[in-house]
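Contents: one structure, followed by commentary.
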Amino acid sequence: TGKVRLKIETRYPYDGEVQVHLLCGSAAGIFLKVRKPLWCKAFQARVNGNAATYAERENYICFPFPLKVGDFLNLNFEMPIRIVKSESVNPAVNTFHAFVKGPIVLCADSKDIDLAKNYSFEIDDKGNVIYRRIGDGVYCLKQKDGSELEMKEYKSVGKDYYAPRDISVWLKSK
């Protein structure tokens, strides 16, 4: 009694999809609470393919019904690209922006863009940057002039030993 076994499948933190399968637990089921990251503004949950009700309490997503052995829980933490303003880190500096997708920081590479230039980005009605994904960890952010700026997940930028270059998390903004 009291033992619970879950099988969790995910590519997190690279996408927000998480699948949880309850393999072993009490015959009465278990009440599950899942931590909701502070960066996550929108979240969906499904149990056995059906939309699930839940309550949010103190950064946790609480399911008001017991999960039983054999149940599948599908979670989706939406991960739009958000802007972090430099004054949130240093109040004396307000001319730079960083970009994050979920918990992942995006980075610019001097091979692809001019790091000294000022940039201005298109924002949707929720305050997120408009973008398109062009590869694994590579995104094109739409600028107000209609052009796009390529940004990559920090882990994969500037890793060429034979062609060293500058990289930056912070970009100048208009």
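The values are calculated or read from the model by the stated rules, or taken from the named source; none is laboratory data. Keep in mind that what you see is a predicted model, and the values were worked out from it rather than measured. All Cβ positions, glycine included, derive from the backbone under ideal geometry; neighbour counts span all protein chains shown. In case anyone asks, the SASA skips ligands and DNA or RNA and just uses the protein heavy atoms, side chains included. Shrake-Rupley method; radii C 1.70, N 1.55, O 1.52, S 1.80 Å.
Brief remarks follow.
- Carbon + sulfur, % of accessible area of the chain - ligands and nucleic acids excluded, 1.4 Å: 51
- Each label point was placed 7 Å from the Cα along the Cα-to-Cβ direction; for LYS33 and PHE65 their separation is 2.1 nm.
- Structure-derived Cα extents along the principal axes in Å - corresponding label in (1) 105, 29, 27; (2) 80, 30, 25; (3) 62, 37, 29: (3)
- Debye-sum result for segment 94-155 in log10 I(q)/I(0), which assumes one identical scatterer on each alpha carbon, at q = 0.15, 0.27 Å⁻¹: -0.43, -1.49
- The modelled label-to-label distance for the pair ASP15/PHE43, using points 7 Å beyond Cα in the direction of Cβ, is 2.0 nm.
- J(HN,Hα) series, segment 87-99, from Karplus relation 6.51 cos²θ - 1.76 cosθ + 1.60, nearest Hz, glycine and proline x: 5, 6, 9, 9, x, 7, 10, 10, 10, 10, 10, 10, 10
- Using θ = phi - 60° in the Karplus curve 6.51 cos²θ - 1.76 cosθ + 1.60, the 3J(HN,Hα) couplings for segment 132-145 round to 9, 8, 10, x, 5, x, 10, 9, 9, 8, 7, 9, 5, 7 Hz; x is entered for Gly and Pro.
- Å² per residue, accessible surface of the chain at 1.4 Å: 61
- Straight-distance crosslink candidates among lysines, where the alpha carbon sits under 29 Å from LYS36 and sequence neighbours closer than 8 are dropped: LYS3, LYS7, LYS68, LYS85, LYS101, LYS126, LYS142, LYS152, LYS155
- Cα gyration tensor shape of segment 38-102, rounded if a/c is under 1.5, else prolate or oblate by comparing a/b with b/c: prolate
- Positive-end ranking of VAL93, GLY29, TYR154 along the dipole of the chain, with charges on Cβ about the Cα centre, is headed by GLY29.
- This model, with +1 at the C-beta of Lys and Arg and -1 at the C-beta of Asp and Glu, gives segment 1-61 a dipole about its Cα centre of some 160 debye.
- Phi angles across segment 36-45 convert, under the Karplus curve 6.51 cos²θ - 1.76 cosθ + 1.60 with θ = phi - 60°, into 3J(HN,Hα) values of 9, x, 4, 6, 7, 9, 9, 8, 10, 9 Hz, Gly and Pro given as x.
- Net charge dipole, segment 41-163: roughly 240 debye, given to the nearest 20, about the Cα centre with Cβ charges of +1 for Lys and Arg and -1 for Asp and Glu.
- Which of ASN50, ILE123, CYS107, positive extreme of dipole for segment 1-146 (C-beta unit charges): ASN50
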